[in-house]
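Trainee: So that we are looking at the same thing, I have put the structure below in structure tokens.
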Amino acid sequence: MRRLLMTAAAATVAALALTACGTTEPAADSSEAPKSAEPITLTDASGTKVELDGPAKKVIGTEWHEVELLISLGVDPVGVADVKGYKTWDSVVPLKNEPKDIGTRGEPSMDTVAALAPDLIVASTDLPPAAVKQLRKVAPVLEVRSANAADPVKQMTENLALIAKATGTTDRADELKKEFDAKVAEGKKALADAGLGGAEVAFADGYDISNQVSVRPFTSGSLIGAVNERLGLKNAWTVEGDKDYGLGTTDVEGLTKLGDDVRFAFIANDGDKSSTPFTEGGSLSEDKVWTTLPFVKKGNVHRLPDGIWMFGGQKSMEAYIDALVGELTK
């Protein structure tokens, strides 16, 4: 957006300079004046009709999934919830500007949002209704459902299309979808060629809070789980995930239910030490249950790179595919 604003500003300065210098050319006919942007009417994930005067340029994102989609579409948000957290967990699609931090993802600062005078606020349906109601007093709010365990990839694609319509970037959205589909096909072929079609994969993240390790399985209803299945892999988890994100819950003992030949993959972040129990030197390094698991003893534990947001958009999932395929086939 900054680039767009600078370009627009430069054009305006040039036009004013020509006018100031004077000209013998006749004034342009009013019929040749540029047409104003057409109004845009959308229905968001909450069923609310959202009306815009034209493509939104000054946009705020209250959740990282939506922020990533905005950046991928070429729209640099002027406000982002928890900027530091985004930079820590989503380096695949980095911020290209220095947006204002509007507070936490669950509780944005209304004063900060209002001061930015946005054209549009893109908010997750995870945000409390009371907060959304307050935001609507500041600017149009486009609610997006960040996740849907019934069809995570379809939801991600619909989110991209909805935000693209609001920001006038539908051509770029089409390109992103094609690039993602191509990456899935490429990854699936690479795994099949390596004899890994149908291989069992268990993806999870884990947290060590007060010396208590919790494991969060990504079931078939998770975005990563759905991508794995599109790659021709089988999800090894049998626990049930939630209706939105497809995330389950278990502990180290629960890992004993995984098969001997499973490939266990995870993403941690060195910037958040509580997220690294599975890493070498992590809190499970000396745990007898963990160290005696068949897939651990066989070396089938794969740490994927930091900065791939597990709940992101097409570009994060492309990075995930590259990382996973690279690990499984090396």
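The values are calculated or read from the model by the stated rules, or taken from the named source; none is laboratory data. All values reported here derive from a predicted model rather than from experimental measurement. So basically every Cβ, Gly included, is an ideal-geometry build from the backbone, and we count neighbours across all protein chains shown.
Trainee: Every residue in the stretch 125-136 that is outside any helix (DSSP H, G or I), out of contact with any strand residue (DSSP E or B) (no Cβ under 6 Å at 6 or more places or on another chain) and not charged (D, E, K, R), please. Break it down into steps so the answer makes sense when it comes.
Mentor: Narrowing the stretch 125-136 to residues outside any helix (DSSP H, G or I): 125-128.
Now narrow it down to the ones that are out of contact with any strand residue (DSSP E or B) (no Cβ under 6 Å at 6 or more places or on another chain): 126-128.
Those that are outside any helix (DSSP H, G or I), out of contact with any strand residue (DSSP E or B) (no Cβ under 6 Å at 6 or more places or on another chain) and not charged (D, E, K, R): LEU127, PRO128.
Trainee: Hey, another quick one. Against the conditions (1) assigned to a loop (DSSP other than H, G, I, E, B); (2) out of contact with any Ser or Thr (no Cβ under 6 Å at 6 or more places or on another chain), where does VAL296 fall short? Just the number, please.
Mentor: (1)
Trainee: Could you list, in sequence order, the residues of the stretch 160-174 that are within 14 Å of ILE121 (Cα to Cα) and under 14 Å from the mean Cα position of the chain (by Cα)?
Mentor: ILE163
Trainee: Checking the condition out of contact with any helix residue (DSSP H, G or I) (no Cβ under 7 Å at 6 or more places or on another chain) and assigned to a loop (DSSP other than H, G, I, E, B), which residue from ASP260, ASP244, ASP322 passes?
Mentor: Numbers: ASP260 fails: out of contact with any helix residue (DSSP H, G or I) (no Cβ under 7 Å at 6 or more places or on another chain); ASP322 fails: assigned to a loop (DSSP other than H, G, I, E, B).
Exactly one of ASP260, ASP244, ASP322 is out of contact with any helix residue (DSSP H, G or I) (no Cβ under 7 Å at 6 or more places or on another chain) and assigned to a loop (DSSP other than H, G, I, E, B), namely ASP244.
Trainee: Could you check the stretch 123-163 and list, in sequence order, the residues that are farther than 20 Å from MET317 by Cβ and touching a Ser or Thr at 6+ places or on another chain (Cβ under 9 Å)? Before the answer, list the steps.
Mentor: So in the stretch 123-163, the residues farther than 20 Å from MET317 by Cβ come out as 123, 125, 127-143.
Matches in the stretch 123-163: ALA123, THR125, LEU127, PRO129, ALA131, VAL132, LEU135, ARG136, VAL141, LEU142, GLU143.
Trainee: May I ask you to list pairs of residues, at least six apart or on different chains, whose Cβ atoms are under 6 Å apart, with the first in the stretch 241-260 being among the β-branched types (Val, Ile, Thr) and the second being modelled with pLDDT under 95?
Mentor: As it stands, the answer is VAL252/VAL213, since those pairs meet every condition given.
Trainee: Sort out for me the strands (runs of 3 or more DSSP E) sitting completely within the stretch 140-217 that have 1 or more residues that are of a type in the set (A, V, I, L, M) and farther than 30 Å from THR41 by Cα.
Mentor: Numbers: elements: 141-144, 200-209, 212-217.
The strands (runs of 3 or more DSSP E) meeting that bar are 200-209, 212-217.
Trainee: Could you please find all residues in the stretch 169-221 being more than 15 Å from THR250 (Cβ to Cβ), surrounded by 18 or more Cβ atoms within 10 Å (Cβ to Cβ) and of a type in the set (S, T, N, Q)?
Mentor: Residue satisfying the conditions is THR169 alone.
Trainee: Quick one: would you say LEU284 is in contact (Cβ under 8 Å) with a residue 24 or more places away in the chain and in a helix (DSSP H, G or I)?
Mentor: no
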